[in-house]
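Remarks on the structure that follows.
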Amino acid sequence: MKVLKAYRFKLKPTPEAEALLYRMAGCGRLAYNKSLEIMLDIVRQELAFEGDRKSLYKALNDLAPKERIALAKRLPSAAGLNKQLTQWKKAPELIFLKEAYTDNLQQRQRDLRDKAIKDWCSGKRGFPVFRTKRIAHHSTMRFVNFPKYCALDQRRIKLPNKLGWVRMYQSRVIDGEPRNATVSLDACGNWHVAIMCAVDVKPTRVPDQGAVGVDMVIAKNMTLSDGTTFSGVRSFAASKDQLAASQRKLKHKERGSANWKNRSARLRVFTSVLPIYGATINTRQRRRSAITTPWSLSKTSESPTCRSLQGVRLPNRDVMSGKSQD
């Protein structure tokens with residue numbers, strides 16, 4: 001059988017390619033925000049709302065699920081939003097959108113209409129908010145139809161829209177058939193690519209021990225539904241001294257001063273702090289992924305399942321978290 005598996009690698013773009021990535025991400029945020037403005041205008045008319053935006057969001061998030069679904073049906077579809085791109089590109093102040101990757105703009109509109117609005121209707125999240133460059137995960141772009149627009153060669157990946165061949169830190173062999181690629185920016189200022197592949201997997205039978213769930217708690221870090229506990233890796237303890245020294249340097253830089261505005265001084269400070277945070281976060285993620293992924297749990301359980309517990313009441317969570325043992 002075939003399963004979808006993602007391979008994520010850090011990119012090493014040239015200065016020219018990195019500048020183009022930032023421009024593409026900015027154009028994607030613009031398409032997302034302008035589409036959201038259209039939706040907010042329609043919502044104001046449907047609800048006859050005259051307050052400010054903050055009050056409007058509160059009113060939208062207070063709606064019952066049925067009211068949210070009824071209101072979402074009055075919003076334009078992703079295809080309808082895509083048609084607006086042609087009009088925006090004709091505007092003199094948005095002429096730069098003609099140089100943007102059209103599929104990237106359309107994907108951002110689909111993310112808004114087909115993902116964010118549906119999550120709001122189901123109660124998983126609040127009504128979508130405007131995207132900003134100050135939040136790293138708002139800078140992302142997805143390239144669909146990988147065989148047509150992208151390619152792999154050794155430790156390089158070919159991306160469309162004049163990005164060309166970009167080097168990447170490929171830490172493992174990519175198996176399966178690539179379907180799409182997503183390029184994203186992290187909080188440390190590094191670009192990563194996630195390649196989604198269809199991988200052939202032979203089903204294996206393990207002793208039937210039933211389903212197993214994972215609870216992310218504080219006392220025991222991770223606790224399985226069968227009572228098995230996993231301790232954390234204490235990644236922060238190993239780097240806290242180095243992090244404290246770097247932050248002391250940052251503390252003495254007055255915000256808005258000449259040193260703050262000086263690019264070289266900024267880089268000397270920030271590049272010493274962010275990689276430490278990044279290494280700490282990566283260590284935690286590797287530990288969590290090694291335990292919780294179905295590839296690991298399937299060795300001991302026949303049906304491992306991952307789901308969000310947001311809004312789900314767990315009456316026996318104190319027992320699972322190990323509080324009764326302390």
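The magnitude of the dipole of the range 17-135, with charges of +1 and -1 set on the Cβ of Lys/Arg and Asp/Glu and taken from the Cα centre, is near 200 debye. Testing the spin-label approximation: label points 7 Å from Cα along Cα→Cβ at R8 and R155. State their distance in nm. The answer from the label model is 2.1 nm. Pairs exceeding a 26 Å alpha-carbon distance, out of K12/K162; K5/K202; K34/K58; K12/K240: K12/K240.
Divided by 2.2 N^0.38 Å, where N counts the residues, the Cα radius of gyration of the range 1-64 comes to 1.83. Each label point was placed 7 Å from the Cα along the Cα-to-Cβ direction; for A79 and R179 their separation is 2.2 nm. Placing +1 on each Lys and Arg Cβ and -1 on each Asp and Glu Cβ, with no other charges, gives the range 118-158 a dipole about its Cα centre of roughly 100 debye. Counting 0.36 nm for each residue step from D52 to D200 and taking away their Cα separation leaves a gain of 48.0 nm. Note on I69 and D114: their simple-model spin labels are 2.1 nm apart, each label 7 Å out from Cα toward Cβ. The Cα trace of the range 17-135 gives Rg and Dmax of 15.0, 46 Å, the first to one decimal, the second as a whole number.
Across the range 71-85, coupling constants 3J(HN,Hα) worked out from phi with the 6.51/-1.76/1.60 Karplus curve, θ = phi - 60°, read 6, 5, 5, 8, 7, x, 6, 4, 5, x, 5, 4, 5, 5, 4 Hz, and Gly and Pro carry x.
All of the numbers you see were taken from the coordinates with simple rules; none came from a lab. Please read these numbers as outputs of a predicted model, since none were measured by experiment. In this analysis, Cβ positions are derived from the backbone assuming ideal geometry, glycine residues included, and neighbour counts consider all displayed protein chains.
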